[in-house]
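Presented below is the structure to which this report refers.
The values are calculated or read from the model by the stated rules, or taken from the named source; none is laboratory data. No experiment lies behind these values; they were computed from the predicted model shown. Cβ atoms come from the backbone with ideal geometry, glycine included; neighbour counts cover every protein chain shown. Just the protein is used for accessible areas: all its heavy atoms, side chains included, with ligands, DNA and RNA removed. Shrake-Rupley method; radii C 1.70, N 1.55, O 1.52, S 1.80 Å.
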Amino acid sequence: MELRATYRLQLSPDLTFADAAALVPYLRDLGISHLYLSPSLQARTGSTHGYDVVDPTRVSDALGGEAGLRALAGTGLGIVLDIVPNHMGVGDENRWWRDPALRARFFDVDEETGAYRRFFDIDDLAALRQEDREVFAATHAKVLELLADGVLDGLRVDHPDGLADPADYLRRLRAAGAERVWVEKILAAGEPLRDDWPVAGTVGYEFLNQVQGLFVDARAEPAFTALHVEVTGETRGFEEIALEAQLEQAAGPFAREVERLEREGEGAFDAATIADGLARLPVYRTYVDPWKGRVAPEDERAIRAAHLDPALARALLLEDRGVPGGFVQRFQQTSPPVTAKGVEDTAFYRYHRLVALNEVGGAPGRFGLDVASFHAANLERAARHPLTLLVTQTHDTKRGGDVRARIGALTWVPGPWRERVLAWRALNAPLREDGLGPDPGEEYLLYQTLVGAWPIEPLERLDAYLVKALREAKVNTAWTVPDEAWEGAVVRFARAVVASEAFLADFLPFQAQVAELAERSILGQLLLKHTVPGVPDTYQGDELAALSLVDPDNRRPVDWAARRAALDALRAGAPPAPGHRKLWVIHTALALRARRPEAFLGPYRPLPAPAGVCAFTRGDDEVAVIVPVAPGAPCRAQLPGGGWRELLVHDDGLSLLERA
């Protein structure tokens, strides 16, 4: 089946296979070719997300069982399924866990202590030994059967970096019949996806950060840095804050993993040296093969760039063969969760210079991306992984794409933003409770969140977001030791702010101006997502305005009837209503992809264009795209000769052209 575009659905007992089947006519009319389903194997009772599988040999009963999945596959859209090979839910529902002999065989258990490798620091998710061929066969039998039967068209592999040897795992998956596989691999800036991974590409976080950076004014970086220092008193850069958080994670929540590494290393390194090494890698992990003696050049560069303890560096580079290979393997499996928890789930909530940049796979220290660099990234993707997924929102993003675009648009008005922030701080100072929160950084996060997500209804959504953000930061409260007095004071402050007539009188006009400015960014990012090399993915409901915050806010029920009605109106020839412009851009672009599939599998050629404009053609100059990325930049470029037909006839700020 032609892979044109995917649509991510977060299945649950409230959105089953039958419910998804009812959406197929709408999604097909939108232009979607494939459903992209959250994990759908048997999860523990009451699971709301499916990542806590307890029986991978069965399709989820709560979602409709195997019959329901097979029926969904017969409705005309392909299916890409999210699978979770790294771990399973523990407990008596998991027969491999409750049997001590099977537990030792299937799971990565420390025979000496009984401790087990976890998914991140979550005690009720235990890591599997996929390097064992029998474990692989048992845990993948049902998925491979569904692939062989044509029920599934492809797989998304969750957290491959937790596996002992991701490349070997992916080769076995390919050999077993999985031809289309996407990996949830978080790549550092400039880090390529490994050539020896037989995959279609990643799940798209690189593109998300690239396209957001394209609409951030890099010239505003000094102003935002100065404002951040002025408001919060924090003078450190993001990298220093992230290292501090990673060290905290390695020495704290991951102490038992560090202790196991001490034993695996047979005393060669103490806990402090190991924790420091785990925290300092500039990438999520390396892929040294201690059993074959292979150290790739990328791995050597990463290890040397980390400035590790010299003896530890020699061991990881296989220059000291006295250190057991098992230590090297386990070290590599442990660094990804330390990095993820330290960076994404801690430092992103401590550093608030511009939170639009605090995104999965992002680097908040990088402020903006120029058009030439964006073109270069697209050309590299076209050459290496032309079927990589392209996303602007997922179930894991820290905020929805629309919210991120609004916050990013602040960079085009740095002076007015500074004036407003300082005025709001003075205006709202009497609302703060003595001796309690918010601290200056938390207050600055609140103002950015309000600009990005307004209107936030009901306000309980804001309450829940703030509590989660505070606990993730682990500064004044934490999940493990919550300070409910502090949290309550921050929530009450936020409620008082949004109830203040004086604040709203100043805030609402400014917020409206930013939202209008951001509309060009939102639509421009969408058009680029659907026309550059790669496969565009739409997160459930994101085809209309979606002012979502972090999970679980992004899993709220979707008004499908409103989306069906809006699409029907567009298909009947009505111009897009103000709230339907995202849907119109998506539908128009996907219709073009359906008419000219070869063009979107063909070359990508940047076009000469004025400053602040991204323009290119696809295929044999069959399609042309012009997207101004700076306010006031003209929507024009030097097009190849011949006749062109404009498809976005209701928008003079974007251009999608087809050969006449």
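Annotations
- Shape of segment 496-651, Cα gyration tensor, a/c cut at 1.5: prolate
- Average accessible surface area per residue within the chain, 1.4 Å rolling probe, Å²: 36
- Residues with amide H under 5 Å from that of CYS614, placed H, sequence gap 5 or more: VAL627, VAL629
- Expected 222 nm ellipticity per residue - DSSP helices of 4 or more, -39500 (n - 2.57), all of the chain, to 500: -13500 deg cm²/dmol
- Pairs of lysines in the chain (C-alpha under 27 Å apart; 8 or more residues apart or interchain): 15
- Phi to ³J(HN,Hα) by Karplus 6.51 cos²θ - 1.76 cosθ + 1.60 over segment 464-473, Hz, x for Gly, Pro: 5, 4, 5, 4, 5, 4, 5, 5, 5, 5
- Under-5 Å amide H pairs with ARG118, H placed in peptide plane, nonlocal only: ALA127
- Extension gain, ALA577 back to ALA499 (0.36 nm per residue minus Cα-Cα distance, nm): 25.0 nm
- Cα gyration tensor shape for segment 183-305, rounded if a/c is under 1.5, else prolate or oblate: oblate
- The separation of segment 281-298 from segment 72-99, counted between C-alpha centres, amounts to 29 Å.
- Relative contact order for segment 299-425: 17 percent, from Cα pairs under 8 Å spaced at least 6 residues apart, divided by residue count.
- Computed on segment 462-584, with alpha-carbon pairs under 8 angstrom and 6+ residues apart, the relative contact order is 20 percent.
- Solvent-accessible area, 1.4 Å probe, carbon plus sulfur percent, for segment 503-611: 61
- For segment 539-547, the Karplus equation 6.51 cos²θ - 1.76 cosθ + 1.60, evaluated at θ = phi - 60°, returns couplings of 6, 3, x, 7, 6, 10, 3, 9, 8 Hz by residue, with Gly and Pro reported as x.
- Coupling constants for segment 192-197 follow from the phi torsions by the Karplus curve (6.51 cos²θ - 1.76 cosθ + 1.60, θ = phi - 60°), and in residue order they are x, 5, 5, 5, 8, 9 Hz; glycine and proline get x.
- Among the GluC sites (Glu not before Pro) in segment 105-196, those placed in a DSSP loop whose Cβ has at most 13 other Cβ atoms within 10 Å are GLU111, GLU112, GLU179.
- Residues whose amide H comes within less than 5 Å of that of THR202, counting only those at least five positions distant or on another chain, are VAL183, LEU389 (H built at 1.01 Å from N in the peptide plane).
- Charged-residue dipole, Cβ positions (Lys, Arg, Asp, Glu), the chain about Cα centre, Debye nearest 20: 1760
- Of ALA660, ALA405, VAL497, farthest towards positive along the dipole that unit charges on Lys, Arg, Asp, Glu beta carbons give the chain: ALA660
- Of all accessible heavy-atom area on segment 49-105, the percent that carbon and sulfur account for (1.4 Å): 53
- Once the chain from ARG98 to ARG219 is taken as fully extended at 0.36 nm per residue, the excess over their C-alpha distance is 37.8 nm.
- Where GluC sites (Glu not before Pro) fall in DSSP loop in segment 284-366, at most 12 other Cβ within 10 Å: GLU319
- Beta bridge orientation in the chain: antiparallel %, DSSP, nearest 5: 55
- Contact order normalised by residue count of the chain, Cα under 8 Å, 6+ apart, percent: 13
- Local net charge near TYR349, Cβ-Cβ under 11 Å (Lys/Arg +1, Asp/Glu -1): +1
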